[in-house]
Amino acid sequence: MAAEVKRYTDERFADIQMLRYQLNGFDNLTIRQKRFVYYLSQATLYGRDVTFDQFGKYNLRIRKMLEVVFSDLCVPRDNEDFRALEVYLKRLWFSNGIYHHYGCEKFKPEFSQQFLRNALHTVDACRLPLNEGQTVDAMCDELFPVIFDADLLPKRVNKADGEDLVTTSACNFYDGVTQQEAEAFYAELKQKGGQQPPSYGLNSTLVKENGVVREQLWSTGGRYANALRHIVACLLKARDEADSQQQKHVIDLLVRYYETGDLKLFDEYSIEWLKCHEKVDFINGFIEVYGDPLGMKGSLEGLVEYIDEEATRRTRTISEAAQWFEDHSPVDPRFKKPVVKGVTAHVICAAMLGGDEYPSTAIGINLPNADWIRAQYGSKSVTISNITEAYNKASHGNGFREEFVRDEKMLGLIEKYGDLCDDLHTDQHECLGHGSGQLLPGVDPDALKAYGNTIEEARADLFALYYIADTKLVELGLLPDNEAYKSEYFTYLLNGALTQLVRIEPGHQIEEAHMRNRALIAHWCIEQCSNTRFCRKDGVWQLEIDSFEELREAIGRLLAEIQRIKSEGDYDAARQLVERYAVSVDPDVHAEVLGRYKKLNLAPYKGFINPRLLPVYDENGEIADVHVDYSESYSHQMLRYSSEYGTLI
């Protein structure tokens, strides 16, 4: 039995607004499907500690230390230091560590070292994450510099051009190796990998011991063993509730992969997963590589989902026309797929978020990431309807559009078509964009190195932008008329060049791959189009677009170039594009944007509190139903997750 979300917005702290999402249609699932969702959700949540550890080697111990202080009623609470510690801990929970989830810079604590040291001497030392034989003061001496010294391990992921990205990044994927050593290690593996090499490095920590570089595999017998054993146990319970033999086969492959760490098994699992089209599906694995400065190592990601049948009619229409879109793309024919295979797309409801997808989550996903699997077997795309619903409900009437869109006619178009076009852009980005194009024979999928993620996201966005202006979408019944797309063009450029700057700290550059992608597209198009400009009007910066036809033509040219860069593995061209258009921030424009945004009293980042799935047992101890509860507070959920799903500390 599913309750209803009473309100989509919840508490706010720092630069974050917490939201809730509704499990629409959950009651319509069969009891077998509900049990399947429940066990898969348990598997998802057991990955939480892995994500924390991947994002920084000290994260788990710092989290444990602060949770003990926060939950101990003997610690004085009615003071500014404790309130500042509470905000810091909530930010740590949100980002799966002590670094900002988007900007990757280390949080600055607003509480004093002396307060924390006194608090740690107040609590029961047996509850603290002390190393063997370690005193409380020795633990403070070890961990306090990590928290309080701004110059020690300052960034989780460093992307500064010209620096050693491995040794200057605080993420916990490498130990004792340099960027040059890491790249050389994996280059040698790729030479031996044949025509269809696995995604080398995806599931390992690269270490240097006694002068020898080697991998520590993430498996039930290796690193993260305890967490992965719990995940496997839950997956095996879920297997018994699967709707088909194919789904059971997929779970068996995933379990074997976790047990062995064999990346060829992960590729086999990915191929077989593409054949599953049941009502309930899931993502669980080391998948997205944005957290690695070299773009190779996968953060643990979890998502449990079920199909939104009504909304899926839209994505089904898109996927059925995938070959038409590929054939009519403005890119060089050499880089097009002659035959688009296995493109499937669904609109889904998220039932549980976990790992790198929680508390902040994507609104669309396209997998698998391996280019050769996409080319030969296709891909699955999902757009998460109940997440976008929560965003839309929470943002209604907040004044953001009115502040940054001063043109009344354009504002009317955005009000009329904005949500529809946003959903359609996401669908096309995931289903068509990521699934389009091909590498030339012999091109290394990792040839673009640190710029690969930005180029790939730009490629998918440009594909979606190019086609959202095509009359084909009107013919397919996906857009009502040939004017609707203009709202998407306007808001996309406005965001890429201006409004996304609310997420950047003063004096900082753009680091995150998706933000770089949007900035690249916006700034390049504005430079290329004589009828598109930012200008000061009525005392503020405003966007003006006089020719949407010219803008679409420019988008097509940039798409062709980005696809060429990807297909040929042209690292130098990728570097030049990103560094020129996607990194720098004009300090004067930035200051104005921050000032205008501050007046609205909004939080630039949003994240989610998961619903709680409560099993109802019958007299035989079997799950007879699963109830959905939306009442759990953010702090209670975080502390409960640390207690119930803490496997590594």
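Exactly one residue out of 582, 574 is touching a Phe, Trp or Tyr at 6+ places or on another chain (Cβ under 7 Å), under 30 Å from residue 437 (Cα atoms) and touching a residue at least 60 places away in the same chain (Cβ under 8 Å): that is 574.
Just one of the listed residues (84, 119) is at pLDDT 95 or above and either surrounded by 22 or more Cβ atoms within 10 Å (Cβ to Cβ) or in a loop (DSSP other than H, G, I, E, B) (or both), and it is 119. Return yes when residue 509 is surrounded by fewer than 18 Cβ atoms within 10 Å (Cβ to Cβ) and under 21 Å from residue 597 (Cβ atoms) and no when it is not. Yes: the conditions hold for residue 509. Among the residues of segment 6-24, those that are open to solvent by 40 Å² or more (accessible area, probe 1.4 Å) and either at pLDDT below 95 or closer than 21 Å to residue 385 by Cα (or both) comprise 6, 7, 8, 9, 24.
The residue list 581, 630 contains one member that is within 30 Å of residue 337 (Cβ to Cβ), open to solvent by 10 Å² or more (accessible area, probe 1.4 Å) and of a type in the set (Ser, Thr, Tyr), which is 581. Among the residues of segment 90-145, those that are of a type in the set (Gly, Ala, Ser) and either under 26 Å from residue 637 (Cα atoms) or under 33 Å from the mean Cα position of the chain (by Cα) (or both) comprise 95, 97, 103, 112, 119, 125.
Residues that are closer than 30 Å to residue 342 by Cβ and in contact (Cβ under 8 Å) with a residue 60 or more places away in the chain, at least 2 per element: which helices (runs of 4 or more DSSP H) completely within segment 436-542 meet that?
The helices (runs of 4 or more DSSP H) meeting that bar are 452-468, 485-497, 513-528.
Which of the numbered conditions does residue 552 fail, given that it passes all the others? Conditions: (1) within 27 Å of the chain's Cα centre (by Cα); (2) farther than 21 Å from residue 103 by Cα; (3) crowded, with 17+ Cβ neighbours inside 10 Å. Only one criterion is unmet by residue 552, namely (1). Picking from residues in segment 590-649 that are touching a residue at least 60 places away in the same chain (Cβ under 8 Å) and of a type in the set (Lys, Arg), the one that is nearest to residue 94 (Cα to Cα) is 606.
In the set (1) open to solvent by less than 60 Å² (accessible area, probe 1.4 Å); (2) within 18 Å of residue 432 (Cβ to Cβ), residue 369 fails one condition alone, (1).
Go through the residues of segment 52-73 one by one and say whether even a single one is within 30 Å of residue 625 (Cβ to Cβ), touching a residue at least 40 places away in the same chain (Cβ under 8 Å) and open to solvent by less than 10 Å² (accessible area, probe 1.4 Å). No, because not a single residue in segment 52-73 is within 30 Å of residue 625 (Cβ to Cβ), touching a residue at least 40 places away in the same chain (Cβ under 8 Å) and open to solvent by less than 10 Å² (accessible area, probe 1.4 Å). Summed over segment 221-251, residues that are over 12 Å from residue 284 (Cα atoms), touching a Lys or Arg at 6+ places or on another chain (Cβ under 7 Å) and without any contact (Cβ under 8 Å) to a residue 40 or more places away in the chain total 3. Scanning segment 590-608 for residues being open to solvent by less than 20 Å² (accessible area, probe 1.4 Å) and among the hydrophobic types (A, V, I, L, M, F, W, C) gives a total of 3.
Mind listing whichever residues of segment 346-379 are within 19 Å of residue 300 (Cβ to Cβ) and assigned to a strand (DSSP E or B)?
Selection gives 350, 351, 352, 353, 354, 355, 365, 366, 367.
If you go through segment 318-331 and keep only what is open to solvent by less than 40 Å² (accessible area, probe 1.4 Å), of a type outside the set (A, V, I, L, M, F, W, C) and either free of Cβ contacts under 8 Å to residues at least 12 places away in the same chain or in a helix (DSSP H, G or I) (or both), you end up with 319, 326.
Selection within segment 407-421: residues that are exposed (fewer than 14 other Cβ atoms within 10 Å of the Cβ) and among the charged types (D, E, K, R). The member of this set that is farthest from residue 481 (Cα to Cα) is 408. Looking across segment 345-366, just one residue is surrounded by fewer than 19 Cβ atoms within 10 Å (Cβ to Cβ) and within 16 Å of residue 461 (Cα to Cα), and that is 363. Only one residue in 260, 205 is modelled with pLDDT of 95 or more and either open to solvent by less than 10 Å² (accessible area, probe 1.4 Å) or of a type in the set (A, V, I, L, M, F, W, C) (or both). Which one? Matching residue, one of 260, 205: 205. Scanning segment 140-163 for residues that are in contact with a helix residue (DSSP H, G or I) (Cβ under 9 Å, 6 or more places away or on another chain), under 26 Å from residue 574 (Cβ atoms) and open to solvent by less than 50 Å² (accessible area, probe 1.4 Å) yields 156, 159. Restricted to segment 87-116, and to residues there that are small (Gly, Ala, Ser) and either farther than 19 Å from residue 292 by Cα or part of a helix (DSSP H, G or I) (or both), the residue that is most open to solvent (accessible area, probe 1.4 Å) is 112.
None of 49, 72 is at pLDDT 95 or above and under 24 Å from residue 204 (Cβ atoms) except 49. Residues in segment 215-231 that are surrounded by 16 or more Cβ atoms within 10 Å (Cβ to Cβ) and within 18 Å of residue 641 (Cα to Cα): how many? Result for segment 215-231: 6. Mind listing just one residue for me: the one in segment 332-344 that is out of contact with any Lys or Arg (no Cβ under 7 Å at 6 or more places or on another chain) and hydrophobic (A, V, I, L, M, F, W, C) and, of those, surrounded by the fewest Cβ atoms within 10 Å (Cβ to Cβ)? My answer is 339. The set of residues in segment 217-249 that are aliphatic (A, V, I, L, M), closer than 25 Å to residue 615 by Cα and either within 26 Å of the chain's Cα centre (by Cα) or part of a helix (DSSP H, G or I) (or both) comprises 227, 228, 231, 232, 233, 235, 236, 238.
The set of residues in segment 244-271 that are among the charged types (D, E, K, R) and over 18 Å from residue 204 (Cα atoms) comprises 248, 252, 268.
Among the residues examined, residue 475 qualifies as of a type in the set (Asp, Glu), at pLDDT 95 or above and open to solvent by 10 Å² or more (accessible area, probe 1.4 Å). Between a first residue in segment 101-123 that is touching a residue at least 24 places away in the same chain (Cβ under 8 Å) and over 30 Å from residue 168 (Cα atoms) and a second residue that is hydrophobic (A, V, I, L, M, F, W, C) and open to solvent by 50 Å² or more (accessible area, probe 1.4 Å), which pairs have beta carbons less than 7 Å apart while being 6 or more apart in sequence or on different chains? Filtered contacts from segment 101-123: 122/74; 123/74.
The values are calculated or read from the model by the stated rules, or taken from the named source; none is laboratory data. Given the structure is predicted, the values throughout are model-derived calculations rather than measurements. Because the Cβ atoms are built from the backbone with ideal geometry, glycine has one as well, and the counts that use them run over all protein chains shown. Surface accessibility is based on the protein's heavy atoms, side chains included, excluding ligands, DNA and RNA. Shrake-Rupley method; radii C 1.70, N 1.55, O 1.52, S 1.80 Å.
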